[in-house]
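Where a number appears in this text, it was derived from the coordinates with a stated rule and is not lab data. Because the structure is a prediction, the values reported are computed rather than measured. No Cβ is skipped: glycine too gets one built from the backbone with ideal geometry, and neighbour counts run over all protein chains shown.
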Amino acid sequence: MSAALLPDPISVTVRAPAKINIYLGVGKVRPDGFHPLETVYQAVSLYDDVTVTDAEEWSVSTIADGVHVEVREVPDDDSNIAIRAGKALVAHHRLDDRAAAIQINKGIPVAGGMAGGSADAAATLVALDRLWSLGTADEELLAIGAELGSDVPFALVGGTATGTGRGEVVTPVEDNGSWWWVVVFSDDGLSTPSVYGAYDLLEGGDHDYRIRPQMLEALRAPANGEHLQVFLYNDLEDAAFYLRPDLQAVAEAALECQASYALLSGSGPTMLALAADADSARAIAGRLAERGYDRTAVVHGPVAGAHVVAYG
Ligand code: ATP
């Protein structure tokens, strides 16, 4: 049936994934305060679902299925990035009388370095575009997303991709692997600016931070290049470990629990442990729990970017 014959939906639900950075190279801070980045993103199987319905006024509410998610930390006013995304889309189309009620079902931990807010922004853009049949071109959604935050374009695209600029210039890469990770959450937050501040003092970014082509080859042909762990890297790790020595202990514990490699996710405090397969990932999570690291999730990637899961 042609889409034109379908009635307009009353609600639209879009699912958007968490991201991890399997490579994060950070350059010298620019005059505008941003650090140039070269990163390899991977979308992994932790999700936020965002449902939008037409409304007189903007509103947002958040519930959580995820056991590690603390919804009290998510703003319920106009500072929520989902509302900012909705308003940006409305402004782009000059539809100033439109507003929506946004409900977020959060599976991505808040302030965990997994870009949950960015996922909500991406999901809201796609959901409102479909709710109001706006037909926004992909490039326009990416540009609106980039204005909202560096990680929003990747949440739209998903899969595995390189990110340059501030991370907002996203280029998909061929990834034929199915990578299993144990994500280890932290009870305490770690502010992104403080990590970059420590990085400026400790390292400064005066080095070659480019992605090595061999890493992209290891993703494209995992049977030949099964040593992806050789290329896993995060320039912010020393700074994060300096501020939070307990995170280094997590990395050491993960290796002792048979992870192939362990690294900081983004600017932390979440840590990642690479496993050989799903069973190993579950076994590593079990061993970590015996050592007291029981706030973990077993995830795989790559998975799809923001996509519609229900029309109401
Ligand atoms: P990143 O990896 O992009 O730095 P993060 O995953 O560490 O992000 P988020 O969960 O995206 O962190 O949120 C960071 C802060 O943004 C939260 O502490 C919260 O105050 C605010 N925020 C605004 N909107 C949202 C939202 N929809 N979901 C979560 N946090 C939000």
Can you tell me the dipole magnitude for the chain around its Cα centre, using point charges on the Cβ only (Lys, Arg +1; Asp, Glu -1), in Debye to the nearest 20?
-> 360
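Lys and Arg at +1, Asp and Glu at -1: add these up for the other residues within a Cβ distance under 12 Å of residue 211 and post the number.
In short, -2.
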Rounded to the nearest 0.05, what FRET efficiency do residue 45 and residue 217 give with R0 = 25 Å and r taken as the Cβ-Cβ distance? Could you check?
-> 0.55
What base-10 log of the normalised intensity I(q)/I(0) is obtained for the stretch 87-227 from the Debye formula, alpha carbons as equal point scatterers, at q = 0.13 Å⁻¹?
-> -0.78
Round to the nearest 10 and give me the degree value, 0 to 90, for the angle of helix 192-202's Cα axis relative to the longest principal axis of the chain.
-> 40
Work from the charge dipole of the chain (Cβ charges, +1 for Lys and Arg, -1 for Asp and Glu, about the Cα centre) and give the residue of 285, 134, 152 farthest towards its positive end.
-> 285
For residue 64, which sequence-distant residues (separation of 5 or more, or a different chain) have an amide H within less than 5 Å of its own amide H, given hydrogens modelled in the peptide plane?
-> 106
Calculated from backbone phi, Karplus (6.51, -1.76, 1.60) coupling profile of the stretch 53-65 in Hz, x at Gly/Pro | 9, 4, 8, 6, 9, 6, 8, 9, 9, 10, 10, 9, 8
Counting Lys +1, Arg +1, Asp -1, Glu -1, what net charge surrounds residue 185 among other residues with beta carbon under 14 Å of its beta carbon?
-> -3
Please report, in cubic angstrom per residue, the volume enclosed by the convex hull of the alpha-carbon atoms of the chain.
-> 138
Can you figure out the FRET efficiency of residue 200 with residue 133, using R₀ = 45 Å and their beta-carbon distance, to the nearest 0.05?
-> 0.45
Stretch residue 279-residue 91 to full length: gain in nm at 0.36 nm per residue minus the Cα-Cα span?
-> 62.9 nm
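Mind checking the dipole of the stretch 199-267: about its Cα centre, +1 per Lys or Arg Cβ, -1 per Asp or Glu Cβ, Debye to the nearest 20?
Using only the charged Cβ atoms, the result is roughly 300 debye.
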Any idea what Rg and Dmax come out to for the stretch 179-301 if you just take the C-alpha atoms, in Å?
-> 14.9, 41
Under a point-charge model restricted to the Cβ atoms of Lys and Arg (+1) and Asp and Glu (-1), what is the dipole moment magnitude of the stretch 133-204 relative to its Cα centre, in debye to the nearest 20?
-> 40
So for the chain, taking the charge dipole from beta-carbon charges (+1 Lys/Arg, -1 Asp/Glu), which of 177, 257, 245 sits furthest toward the positive end?
-> 177
What are the ³J(HN,Hα) values, in whole Hz, obtained from phi via the Karplus relation 6.51 cos²θ - 1.76 cosθ + 1.60 with θ = phi - 60°, for each residue of the stretch 137-142 in sequence order, with x given for Gly and Pro?
-> 5, 3, 4, 5, 4, 5
Of all DSSP beta bridges having both residues in the chain, the percent classed as antiparallel (nearest 5) is 85
